[in-house]
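Any read-out appearing in this document is the output of simple, stated calculations on the displayed coordinates, not a laboratory observation. Since the model is a prediction, treat every value here as computed from it, not as a measurement. Here the Cβ positions follow ideal geometry from the backbone for every residue, glycine too, while neighbour counts run over all protein chains shown.
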């Protein structure tokens with residue numbers, strides 16, 4: 001790009017005098033005159049007719065000034081736009097998230113985020129965990145909200161909050177030794193349990209190969225349980241609603257359970273209990289994942305900060 005100070009030419013053209021333009025630009029008259037002459041020499045044309053006072057633009061000077069005015073105006077607009085983006089006054093955030101997690105997390109986070117940053121357009125890409133990671137790698141999303149571990153080492157992450165896998169147990173399958181009043185909230189602080197007391201219960205689980213199913217199989221194996229799986233599905237929302245209806249026991253990430261706009265859980269008064277497991281395999285972290293070394297916009301960074309504030313108040317990483 002040419003190192004031209006277009007404002008020099010525009011100011012001389014406006015003032016029709018190098019001395020007046022120099023005073024306006026807080027520059028010395030000789031330096032300004034030399035700068036104009038160097039530019040004219042580089043262009044191979046005269047921009048000003050110096051045979052008259054005040055100075056007049058040549059035809060080439062008129063064309064130069066007309067275009068230079070547009071360039072200076074565009075530069076000013078660009079700087080204002082960049083400043084707006086930097087201040088989150090405008091911009092776009094492409095967010096990858098699963099449908100059920102979106103149903104739980106987004107009503108808590110997005111209203112607050114949009115109130116703070118109304119100029120940021122939110123674009124949602126809703127998929128299951130594996131396709132979401134692929135979207136992040138292909139740079140089709142800015143952030144992906146998912147659980148550790150990540151499948152792809154091209155991604156890095158910022159932790160948001162603990163996200164345990166809970167056992168969701170309908171009342172009719174809750175063993176008598178458990179006081180259901182202690183387990184009504186998905187965020188309860190009741191003692192952690194083993195899976196063994198539920199070994200004879202019917203289970204409804206995600207299909208083999210899906211992430212929670214893989215973890216569930218490890219949990220069963222650790223306690224030498226052969227679960228009675230009466231149904232499997234690709235939709236954790238369906239399984240959870242069936243558990244609420246009493247069909248069977250399921251395992252579900254805490255972040256999948258719907259919340260109110262204030263961040264509290266909406267399922268606390270349903271006929272289902274939520275039990276936390278002792279097994280470390282059930283302890284995982286909800287993260288915001290993104291491509292390694294990719295620039296994160298301020299809009300993305302502010303989303304991470306706010307989501308962590310709203311979701312981790314009870315369970316910090």
Plugging the Cβ-Cβ distance of residue 51 and residue 29 into 1/(1 + (r/R0)^6) at R0 = 22 Å yields, to the nearest 0.05, a FRET efficiency of 0.75
Among 31-41, 175-185, how do they line up by average Cβ neighbours within 10 Å per residue, starting with the highest? 31-41, 175-185
Honestly region 187-236 on the Cα gyration tensor test (a ≥ b ≥ c root eigenvalues; a/c under 1.5 rounded, otherwise a/b vs b/c for prolate or oblate) is just prolate
Computed over region 72-213, the convex hull of the Cα set has an average projected area, in nm², of 12.2
Please report, for the Cα atoms of region 6-86, the Rg to one decimal and the Dmax as a whole number; what are they, in angstrom? 14.0, 48
Based on the Kirkwood radius over alpha-carbon pairs, what value in µm²/s does the Stokes-Einstein equation return for the translational diffusion coefficient of the chain at 20 °C and 1.002 mPa s? 89
Angle in degrees between helix 298-311 and the longest Cα principal axis of the chain, rounded to the nearest 10: 30
Length-normalised contact order of the chain in % [C-alpha pairs under 8 Å, at least 6 apart]: 23
Starting from the Cα coordinates of region 77-117, work out the convex hull volume and express it per residue in Å³. 64
Multiply the residue separation of residue 99 and residue 233 by 0.36 nm, subtract the distance between their alpha-carbon atoms, and state the gained length in nm to one decimal. 46.8 nm
